[in-house]
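The values are calculated or read from the model by the stated rules, or taken from the named source; none is laboratory data. This structure is a prediction, so every number in the text was calculated from the model and none was measured. All Cβ positions, glycine included, derive from the backbone under ideal geometry; neighbour counts span all protein chains shown.
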Amino acid sequence: IAFMIGAGISTSAGIPDFRSENGIYQTIKEKFKVNSPEDFFSKPLFKSKPEIFYNLCKLMNFDSFKPTLTHYFMKYLLDKNYAQIVFTQNIDGLETKAGINKDNIVFAHGTSNEAHCPQCNCDVDVNEVKHCINNDEVKYCPNCKGPCKLKVVLYGENLPDNFYTNMFMLNECDLVFIIGTSLRVEPFASLTEQIDKHKSWVVVINKELVGNFDYKNNLSHSLFIQGLCDEIVKSILIDCGWWDEFSLKYQI
Ligand code: APR
């Protein structure tokens, strides 16, 4: 089993997603009066006005949030050795908080648990950057004097190497869960092309219909389950006879 996940699995933790009606992009549009909120996560804007990115990171402070039932579902299947890999677009770090080993996660859009200087690519103490975020300052690189940032992937930046070196795993698995993502952002969305649709099952769990799979054709090995992911995952756990063990283990 492989997972491909997005911001929708963290909304029940209290972290808004990006494109829903009350998502982060709506907040940015209203607060900064802009039409294309994605620009706020772009490399050019960061270089010219790093303080805007710092302001956004303060807005999205993730440190106080807890993993959701869906995060623990991934951990549970990894511990049972049914699942092998999680491709996440999320930077909130809730996968790690749920106890998922970093060796089983591809942070496709980076992580807010590390920091670097994107100019000279040197690592920087993440606590120093978070201190500046919380105090409305900008951390500048001691080497090249450029602005430092949390190690999240901005539009225009490359995804981490292990996104590419691990994508073959999607071709080898029996089942791919795609949960809580609009599948609107490349190259993450194109991971679905790695899936062998004749061999693997694809189960999409999302509040709204997403994914260009042939859900109506019973022979297409793809299933769309519409609804809130925590509720759907709970019913899967119950149907598999795992709910008692799961809820005891994670106190849910
Ligand atoms: N259960 C199921 N689905 C949900 C839930 C929920 N509780 N909450 C939200 N969703 C769905 C929304 O309906 C939406 O289709 O999750 C999806 C989230 O989509 P986006 O907000 O676009 O988030 P995501 O797909 O992760 O965005 C990808 O865009 O801006 C970039 O880098 C950013 O990683 C992000 C990328």
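Could you tell me whether any residue of the range 170-190 is at pLDDT 95 or above, away from the ligand (no atom under 12 Å from the Cβ), part of a helix (DSSP H, G or I) and under 16 Å from the mean Cα position of the chain (by Cα)?
Checked the range 170-190: at least one residue is at pLDDT 95 or above, away from the ligand (no atom under 12 Å from the Cβ), part of a helix (DSSP H, G or I) and under 16 Å from the mean Cα position of the chain (by Cα).
Looking at ASN218, ASN206, which is the one that is free of Cβ contacts under 8 Å to residues at least 12 places away in the same chain and either closer than 28 Å to ARG19 by Cα or surrounded by fewer than 12 Cβ atoms within 10 Å (Cβ to Cβ) (or both)?
Answer to the check: ASN218.
Could you run through the range 75-102 and say how many residues are of a type outside the set (A, V, I, L, M, F, W, C), over 16 Å from the mean Cα position of the chain (by Cα) and at negative phi?
Within the range 75-102, residues that are of a type outside the set (A, V, I, L, M, F, W, C), over 16 Å from the mean Cα position of the chain (by Cα) and at negative phi number 5.
Based on this model, can you work out whether PHE40 counts as at pLDDT below 90 and hydrophobic (A, V, I, L, M, F, W, C)?
For PHE40, the condition - at pLDDT below 90 and hydrophobic (A, V, I, L, M, F, W, C) - is met.
List the residue pairs whose Cβ atoms are under 6 Å apart, where the first residue sits in the range 173-189 and is at positive phi, the second is in a loop (DSSP other than H, G, I, E, B), and the two are 6 or more positions apart or on different chains.
GLY180/GLY6; LEU183/VAL210; LEU183/GLY211
Among the candidates GLY146, GLY156, single out the residue that is closer than 22 Å to ASP39 by Cβ and touching a Ser or Thr at 6+ places or on another chain (Cβ under 6 Å).
GLY156
Name the single residue that is surrounded by the fewest Cβ atoms within 10 Å (Cβ to Cβ) among those in the range 11-28 being near the ligand (Cβ under 8 Å from one of its atoms) and closer than 13 Å to THR68 by Cα.
Per the stated criteria, the residue is SER12.
If I filter the range 10-37 down to residues being hydrophobic (A, V, I, L, M, F, W, C) and part of a helix (DSSP H, G or I), which single residue comes out as modelled with the lowest pLDDT?
PHE32
Kindly evaluate TYR164 against the criterion of being over 15 Å from the mean Cα position of the chain (by Cα), within 26 Å of PHE18 (Cβ to Cβ) and of a type in the set (Ser, Thr, Tyr). Even if it seems obvious, please write down each step before you answer.
Working: over 15 Å from the mean Cα position of the chain (by Cα): yes; within 26 Å of PHE18 (Cβ to Cβ): yes; of a type in the set (Ser, Thr, Tyr): yes.
Yes: the conditions hold for TYR164.
State which residue pairs qualify: first residue away from the ligand (no atom under 12 Å from the Cβ) and inside the range 221-236, second residue of a type in the set (Lys, Arg) in any location, beta carbons under 6 Å apart, and separation of 6 or more residues or different chains.
From residues that are away from the ligand (no atom under 12 Å from the Cβ), the pairs are HIS221/LYS197.
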